[in-house]
Structures are given as C-alpha cells and as structure tokens.
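This report concerns only the one structure given below.
The values are calculated or read from the model by the stated rules, or taken from the named source; none is laboratory data. Since we're looking at a predicted model, the values are computed, not measured. Note: ideal-geometry Cβ built from the backbone for every residue, glycine included; neighbour counts use all protein chains shown.
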Amino acid sequence: MISLFLGLTMANLLLLGTVFVLGLGASQSGGAQHVTWAVAAGLLTALVHSVVYTYFMGTSRWLAAAADKADLDSQPFIKEPLDRKKTALFVMLVPVGVTMLTMMGGAATETLPWWPAGVHLGLGIATLLVNIGAAVWEFRLIRAQGRSMDDALALLNRKSDLAT
C-alpha cells in the first residue's frame, strides 16, 4: 500500500501545485486551463483520500477477523486499528473539504464581482499545506496499520505451525 499511496499522493500534490501556479497567471491568460486542471485536481484529491480510507476499512475488518479467529488480544488488533480508521476518516475529510472550499472560492471569484480574489489565493495556499500535512499523517497511519497486520499474520502463522 505504501508504494500505491506514495504514487497517488505525489500525483495529487504535483497536480495541486500545477493548478496553483496556473492560478497565479490566470488573470493574464484568462484562466481556462486553471479551471480545467482545478476540477481534475479536486477529483484526484477526493480519490486519493478515499483510497486511503478504503484501505483502513478493509484492513481493520481483516484484523478484527484475524483477532477473533486466533483469539488475539483485542487492544493491538481491534481497538488500535479502529482508532486509526477513525483518525483516517478525519484526515481524509479535512483536505477534501478544504480543496472543495477552494474550488467554490474560485467559482465565486469568477462569478461574483464583489468576491475578493485574495480569498481564493489564501484558500489555494491552505489547500497545498493541508494536503501535504494530510499526506504525512496518512503515511504514518498506513505504516502503523501495516505493522499491526504484519504482527497479526506472524501470530497467525505461529499458531498455525503449532497446530500442525
């Protein structure tokens, strides 16, 4: 999952950065490319963070089933993974929400003459920073979940070896 996560996250951050740079020159060039790429960036942001949360949905269920089947301690194999899953939901919703707010701020800048463009610029900066922070947080959560899965698998294999 780490390599998939890193690839998706790097693509997302690169696209968000590109949209930001295009937006800086949008007033001179008309901004059509900025808007088109911004929609793609918004969709990719939602996809990346949804994939991460889906990973936690699946692995938390697998760990709970493994703990039940092998009679493992519930704290490291059920409670902690579920806590990480809850945290991952929060971490997912914040960057997606900020990205969507930025897109709405951009639409307001284009359609409402009284809406200050600086608000959209500030939201764009916040989008980049929040997505970078979320990527670091998600990476740590994925690593911790992977360690829990490795530990559970090792215990399951040991119990299986003892049974034969």
Condition met for A135 (assigned to a helix (DSSP H, G or I), more than 12 Å from the chain's Cα centre (by Cα) and touching a residue at least 12 places away in the same chain (Cβ under 8 Å)): no
When residues of the stretch 67-88 are limited to those that are over 26 Å from H49 (Cβ atoms) and touching a residue at least 12 places away in the same chain (Cβ under 8 Å), the one surrounded by the fewest Cβ atoms within 10 Å (Cβ to Cβ): K69
Residue within the stretch 64-79 that is among the charged types (D, E, K, R) and either closer than 27 Å to L22 by Cα or in contact with a helix residue (DSSP H, G or I) (Cβ under 6 Å, 6 or more places away or on another chain) (or both) present: no
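Test R158 against the stated conditions and say whether it is within 18 Å of the chain's Cα centre (by Cα) and either part of a helix (DSSP H, G or I) or of a type in the set (S, T, N, Q) (or both).
So R158 fails the test.
Matching residues to (1) within 22 Å of T9 (Cα to Cα); (2) crowded, with 17+ Cβ neighbours inside 10 Å:
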residue	(1), (2)
P116	no, no
H120	no, yes
A134	yes, yes
E138	yes, yes
I142	yes, yes
Q145	yes, yes
D151	no, no
L156	no, no
K159	no, no
Single residue of the stretch 11-37 satisfying the filter (within 14 Å of G106 (Cα to Cα) and polar (S, T, N, Q)) that is modelled with the lowest pLDDT: S27
Residue tally, condition farther than 18 Å from G17 by Cβ and either touching a strand residue (DSSP E or B) at 6+ places or on another chain (Cβ under 8 Å) or among the polar types (S, T, N, Q) (or both), over the stretch 103-143: 2
Some residue of the stretch 41-58 being surrounded by 18 or more Cβ atoms within 10 Å (Cβ to Cβ), of a type in the set (A, V, I, L, M, F, W, C), closer than 23 Å to D83 by Cα and in contact (Cβ under 8 Å) with a residue 60 or more places away in the chain: yes
